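> Right, I'll just put the structure down here and ask away after.
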Amino acid sequence: MTSYKGSWIVFGTLLLFALVFMLGTAAGLPPVVASHFDAAGYPNAFMPRAGYLRFVLALGLGMPVAIVAVLTAVYSRASNLKVPNRDYWLAPERIAGTRAFLVAHGVWFGSLMVLLICFMHWLELKANRLALPHLSNEAFGLGMVVFLIGMALWIGALMVAFRRTKR
């Protein structure tokens, strides 16, 4: 059975980075944070700094951990998976490795989510440092493109892994 310990190490490291980054930069936010922006990048919702910090921590740490926990619980016990070449991948001698791969793949997805939320927090920091808060649509768009490319690679890796019948 292949070990996918590396995905967990990356995920844990990113969670720690996100915690330090968010807590370490929160003091640089104004007491009332522009927390939501319209399509032109102008703020249309505000919240107290402490509320924003709780929200971004829940989103950046809580959501990825919850997603990874659910995927781990589901994939580590799954026996009736809908995967290509399922007879091969779900054979008794391979099912443990298949489950471990799917869990690790879910952990990579959690890592991608942590990176996205850290990027969004960084955009919030930049926007709120301006005298009149404004979110950069270019930076937001570029971040979304990078995230979508990451998602495409994540999906592609999953599809490629199950297309072949040897690991």
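The values are calculated or read from the model by the stated rules, or taken from the named source; none is laboratory data. It should be emphasised that the depicted structure is a prediction, and the values quoted were computed from it without experimental measurement. Ideal geometry is used to build each Cβ from the backbone, glycine not excepted, and the neighbour counts take in all protein chains shown. Just the protein is used for accessible areas: all its heavy atoms, side chains included, with ligands, DNA and RNA removed. Shrake-Rupley method; radii C 1.70, N 1.55, O 1.52, S 1.80 Å.
> I'd like to know which of GLY12, PHE101, MET47 lies farthest towards the positive end of the charge dipole of the chain, counting +1 on Cβ of Lys and Arg and -1 on Cβ of Asp and Glu.
The residue sitting most towards the positive pole is PHE101.
> Charges at C-beta only: +1 for Lys and Arg, -1 for Asp and Glu. How large is the resulting dipole of the chain about its Cα centre, in Debye rounded to 20?
660 debye
> Right, here's the next one. Skip the ligands, DNA and RNA, and give the accessible area per residue of the chain with a 1.4 Å probe, whole Å².
Accessible area per residue, the chain: 57 Å².
> Here's something else I'd like to know. Report, by chain and number, residues whose modeled amide H sits under 5 Å from the one on PHE46, excluding near sequence neighbours (fewer than 5 apart, same chain).
Those qualifying (amide H under 5 Å, at least 5 residues apart or on another chain) are SER35.
> Of all the accessible heavy-atom surface of the chain, with the other protein chains kept in place and a 1.4 Å probe, what percent is carbon and sulfur?
72 percent
> Looking at the calculated P(r) for the range 16-85, what percent of the C-alpha pair distances fall above 15 Å?
Pairs farther apart than 15 Å: 67 percent.
> Also, I was wondering about something else. Quick one: Cα convex hull volume of the chain, Å³ per residue?
Values: hull volume 19.0 nm³, N = 167.
Residue-normalised Cα hull volume stands at 114 Å³.
> Nearest 10 degrees is fine. How inclined is helix 5-25 to the longest principal axis of the chain, computing both from alpha carbons?
10 degrees
> Using +1 at the C-beta of Lys and Arg and -1 at the C-beta of Asp and Glu, which of GLY60, ALA27, ALA157 has the Cα lying farthest in the positive direction of the dipole of the chain?
Checking the options against the dipole of the chain, the answer is ALA157.
> OK, next. What does the highest-first list of 57-66, 12-21 look like by mean Cβ count within 10 Å?
57-66, 12-21
> Only Cα pairs within less than 10 Å get springs; with that Gaussian network setup on the chain, which residue of ILE149, ILE67, ILE95 has the largest fluctuation?
With Cα springs under 10 Å in the chain, the top fluctuation among ILE149, ILE67, ILE95 is at ILE149.
> Just to check I understand the Karplus step: with θ = phi - 60° and J = 6.51 cos²θ - 1.76 cosθ + 1.60, what whole-Hz values come out for the range 96-104, glycine and proline as x?
After applying 6.51 cos²θ - 1.76 cosθ + 1.60, I find 5, x, 5, 4, 4, 4, 5, 4, 4 Hz.
> Spin-label point model (7 Å from Cα, Cβ direction): what's the VAL32 to LEU153 distance in nm?
4.2 nm
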